[in-house]
Each structure stands twice: as structure tokens, then as C-alpha cells.
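Some notes on the structure that comes next.
The values are calculated or read from the model by the stated rules, or taken from the named source; none is laboratory data. Small disclaimer: the values here were computed from a predicted structure and weren't measured. Positions of Cβ are generated from backbone atoms using ideal geometry, with glycine treated the same way; all protein chains shown enter the neighbour counts. Please note that ligands, DNA and RNA were not included when accessible areas were found on the heavy atoms of the full protein model with its side chains. Shrake-Rupley method; radii C 1.70, N 1.55, O 1.52, S 1.80 Å.
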Amino acid sequence: MDDHQLTPFDNMTHTRELQMLKTALPYMKGNQKRQFAILIKYMELQNTAVLFSQEDKVLSMCSVEENESNLPAMLNALRPFCTSKELETVDMFVNVFSMLETWRDFS
């Protein structure tokens with residue numbers, strides 16, 4: 001699991017400035033940390049609201065094809081964020097969906 005991997009959503013809502021603030025956060029004093037952490041999350045929320053106000057941009061960047069099987073695709077997209085135990089479960093579900101798809105094709 002890569003702790004530094006960003007999702008497409010993160011890439012759309014994060015800025016270089018926010019990343020700099022997050023990097024500086026551990027070096028701040030007690031109460032400053034809390035205030036800046038809240039400020040950072042507020043700024044991320046603002047960026048998200050702005051992003052979702054541009055519906056055409058969001059739809060084109062966050063959507064998958066209608067004909068694509070969403071659940072197996074979502075499970076495969078989650079793989080980089082899973083622990084090894086979680087990967088076993090994800091793989092089991094992907095295999096079940098694959099078998100169901102094969103069975104559906106033969107029926």
C-alpha cells in the first residue's frame with residue numbers, strides 16, 4: 001500500500017499550496033497545528049465545492065463508461081490502497097464477479 005498515492009479526486013482538489021501547508025503542519029506548535037489542520041481541510045472542502053460547481057468537468061473526470069461493469073472496476077481501482085489481507089478479499093470478489101460474468105455469457 002502506497003501512502004502517498006493520490007486518487008483522481010485528490011488530484012482534482014489538491015493544490016501545491018495545500019501540500020506545502022500539510023508538509024509544514026508537523027513543525028507547528030500545539031494550538032497552531034489544530035488551527036492549520038482545520039484551515040487545510042476547509043480549503044480542501046472549498047476546492048471540492050468549486051470543482052463540483054463545474055458539473056461538466058466533474059462528470060468527464062469522475063465518471064466511468066455506462067457499459068463498464070462498475071463493481072469489479074471499482075474493486076480493481078481500490079487495490080493500490082489495500083493491505084495484503086484486504087487484497088485477498090478484493091481478489092476473491094473480483095474472481096466471483098468474473099465467474100458470474102462467464103456463467104451469464106454461457107446462459
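Below are the figures for this structure:
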read-out: Residue tally, condition outside any helix (DSSP H, G or I) and either open to solvent by less than 60 Å² (accessible area, probe 1.4 Å) or in contact with a Gly (Cβ under 7 Å, 6 or more places away or on another chain) (or both), over region 14-53; value: 3
read-out: Selected residue (criterion: surrounded by the fewest Cβ atoms within 10 Å (Cβ to Cβ)) from residues of region 71-90 that are over 17 Å from Phe9 (Cβ atoms) and in contact (Cβ under 8 Å) with a residue 40 or more places away in the chain; value: Thr83
read-out: Complete set of residues in region 69-85 that are in contact with a helix residue (DSSP H, G or I) (Cβ under 8 Å, 6 or more places away or on another chain) and assigned to a helix (DSSP H, G or I); value: Leu71, Pro72, Leu75, Asn76, Leu78, Arg79
read-out: Test: residue in region 56-70 that is over 30 Å from Ser98 (Cα atoms), modelled with pLDDT under 90 and over 15 Å from the mean Cα position of the chain (by Cα); value: yes
